[in-house]
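The values are calculated or read from the model by the stated rules, or taken from the named source; none is laboratory data. Because the structure is predicted, anything quoted here is derived from the model rather than measured. We place every Cβ from the backbone using ideal geometry, glycine too, and count neighbours over all the protein chains shown. These accessible areas exclude ligands, DNA and RNA; they are computed on the full protein's heavy atoms, side chains included. Shrake-Rupley method; radii C 1.70, N 1.55, O 1.52, S 1.80 Å.
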Amino acid sequence: MIAQELSIVDIIRKQRDFFKTGKTKDVNFRLEQLKILKQAVSENKEAIIQALKADLNKPEFESYATEIGTLQEIDYAIKHIKTWTKPQKAPVSLQLFPASAKIYPEPLGVVLIIGPWNYPFQLSISPLVGAISAGNCAIVKPSELAPHTSHLLSKLLGKYFDPAYIAVVEGGVQTSQQLLAEKFDHIFFTGGTAVGKIVMEAAAKNLTPVTLELGGKSPCIVDSDINIEPTARRITWGKFLNAGQTCIAPDYLLVDKKIKEDFLNEIQKCLQEFYGDNPASGSDYARIINQKQFNRLVNFLKDGEIRIGGETNPSELYIAPTVLENVSSTAPVMQEEIFGPILPVIEYTDITEAIDLINSKPKPLALYLFSNNKNLQQRILQETSSGGVAINDTVMQVAVSSLPFGGVGDSGIGKYHGKSSFDTFSHYKSVLHNPFWLDLKWRYAPYKDKLSTLKRLIG
Ligand code: NAD
């Protein structure tokens, strides 16, 4: 039976029943399911590439690197799950002798995963890896704005898993809200900050814990002390990958005035090298997801002088890789997350101006600094706050399974990837075990003669 034939309430009820059987608590069962998930991805690479092509004109290379690449996350979980699931010993103070303490990770129950459209495959599967590893049942609600990938996820997961364990519910805002009205044991949401607030409000009614993987304006500082060629390459790649529709893409550049001209020339060279004279005619450059996003992005083009690019084609939802100069920090393009292939450049003469601008905005998901200067690297780490940081690179921090990934402040709540995914979908149950063979009387009434001893002990 496929999930779409069941009502949301029925799926949740079936998953609760399945969870109660205790099957998911067995580590070997989880390991088996992770292997099945790996098989589901591995056996359907071509279909995944086709769906992403249809939704975003995603180049095959990018689909491999950033969506099918989620296989590495599955392998990491398969490799480490036995260690993660082991109870951990915890120290106990001498007063409690001979008691011992342990921390037991236990699954939460039935969890909901809501995905966005920009990496529509990876951002549904990667949290699912955490949910499975930690022993939960899960409902996945992919984004309706990437319909081909959403249908494929429904078909694939429906084929490889029983909906009483893992189910996909397809649909838009209304479906999402129907799901949110139900009681879950955890909600993992990836999307925009505004919708994140709606999710958290709905979750609060059921006291459901949330992970919110949100977005924001991720700044990229370019100091004068850099190796200019790799700097330009790494920024150009991180910004224009998936046509800028990446939550951790560098949103805007803060460039030292001394090198601005040389640096922008270098960016132009990179664009030429990556995509040729006309990125629209090649196969290595994605398109904007839909007309609404296209119109929103085109409006930003008037917020500065177009230094590179600027060409658009509404019928193809194409916006050329674009660099904007002479952008005011109060322009609309500097107020909201761009989430498209438009890169505003703001110059600074003193790094303090750049730091102040960053700190005047909500805390971003990522911050990038290009500089060989160790003191500056330390200063930026000390004086700014962001979900994560990459020094002398962009985007690649997301690919390191040992680094927890998530936002801070407006860019999100909670973390995942690798062990963090397991932690997110687990409850760490603290257990104290006190044997009977010794029962010191110091804590029992009558207290009269014991107070002075207690005072000595506590200090
Ligand atoms: P979105 O918030 O519009 O939608 C995300 C999901 O929420 C979709 O499944 C959608 O159906 C659902 N949804 C939309 N409106 C809703 C509502 N009113 N009530 C309930 N559910 C609703 O986000 P998006 O446009 O798909 O993705 C873009 C945003 O996601 C950007 O801000 C980006 O930075 C962020 N993002 C963050 C990460 C991350 O890992 N932190 C990754 C990718 C994207």
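Roughly how large, in nm² to one decimal, is the mean projection of the convex hull of the alpha-carbon atoms in region 219-399? Write down the numbers at each step before the final one.
Values: hull surface 38.0 nm².
Across all orientations, region 219-399 yields a mean hull projection of 9.5 nm².
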remark   = Rounded to whole Å, √(5λ) for the Cα gyration tensor eigenvalues of the chain, largest first, gives 43, 31, 19
task = Would you mind getting the accessible area per residue of the chain, heavy atoms of the protein chains only, 1.4 Å probe, in Å²?
result = 46 Å²
request  = Excluding residues fewer than 8 places away in the same chain, name every one of the aspartates and glutamates whose C-alpha is closer than 12 Å to that of residue 205.
outcome  = 182
task = Please get the size of the charge dipole for the chain, origin at its Cα centre, with Cβ charges of +1 on Lys and Arg and -1 on Asp and Glu, quoted in debye to the nearest 20.
result = 2740 debye
ask   = Using alpha carbon centroids, what distance separates region 78-136 and region 286-306, in Å?
value = 40 Å
task = On the protein heavy atoms, probe 1.4 angstrom, tell me the percent of accessible surface of the chain carried by carbon and sulfur.
result = 55 percent
ask   = Lys/Arg Cβ at +1, Asp/Glu Cβ at -1, dipole of region 219-399 taken about the Cα centre: which of 236, 373, 259 is farthest positive-ward?
value = 236
query = Given Cα pairs under 8 Å that are at least 6 residues apart, what percent is the relative contact order of region 303-459?
reply = 13 percent
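Leaving ligands and nucleic acids out of the surface, order 233, 13, 30 by accessible area at 1.4 Å, largest first.
Putting 233, 13, 30 in descending order of accessible area: 13, 233, 30.
Mean residue ellipticity at 222 nm from the helices of the chain, using -39,500 (n - 2.57) per DSSP H segment of n ≥ 4 over the full residue count, to the nearest 500 deg cm²/dmol?
Computed mean residue ellipticity for the chain: -12000 deg cm²/dmol.
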Rg [Å, one decimal], Dmax [Å, integer] - region 104-200, C-alpha atoms = 12.5, 40
remark   = The distance between the Cα centres of region 357-395 and region 401-426, in whole Å, is 19 Å
ask   = Under the Karplus relation 6.51 cos²θ - 1.76 cosθ + 1.60, θ = phi - 60°, what is the ordered set of whole-Hz ³J(HN,Hα) values for region 335-347, x standing for Gly and Pro?
value = 9, 10, 4, 6, 6, x, x, 10, 10, x, 10, 10, 9
task = May I ask for the net charge around residue 206, where only other residues with Cβ less than 15 Å from the Cβ of residue 206 are counted and Lys, Arg are +1 while Asp, Glu are -1?
result = 0
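If you add up the charges near residue 192, with Lys and Arg at +1 and Asp and Glu at -1, over every other residue whose beta carbon is less than 10 angstrom from its beta carbon, what do you get? Walk me through the numbers before you get to the answer.
Working: positive: 197; negative: 336, 337.
Cβ neighbours under 10 Å give a net charge of -1.
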remark   = Calc'd 3J(HN,Hα), region 291-307, phi into Karplus 6.51 cos²θ - 1.76 cosθ + 1.60 (θ = phi - 60°), Hz, glycine/Pro = x, comes to 4, 4, 5, 4, 4, 4, 5, 4, 4, 6, 5, 8, 8, x, 8, 6, 8
ask   = Residue-wise, which Karplus ³J(HN,Hα) couplings in Hz belong to region 95-107, taking 6.51 cos²θ - 1.76 cosθ + 1.60, θ = phi - 60°, and x for glycine or proline?
value = 4, 8, 3, x, 5, 10, 9, 9, 10, 9, x, 10, x
ask   = Which pairs, out of 159/419; 82/102; 35/159; 79/419, put more than 22 Å between their alpha-carbon atoms?
value = 159/419
request  = Answer rounded, prolate or oblate for region 33-141, using the Cα gyration tensor with square roots of eigenvalues a ≥ b ≥ c: rounded when a/c is under 1.5, else prolate when a/b is larger than b/c, else oblate.
outcome  = prolate
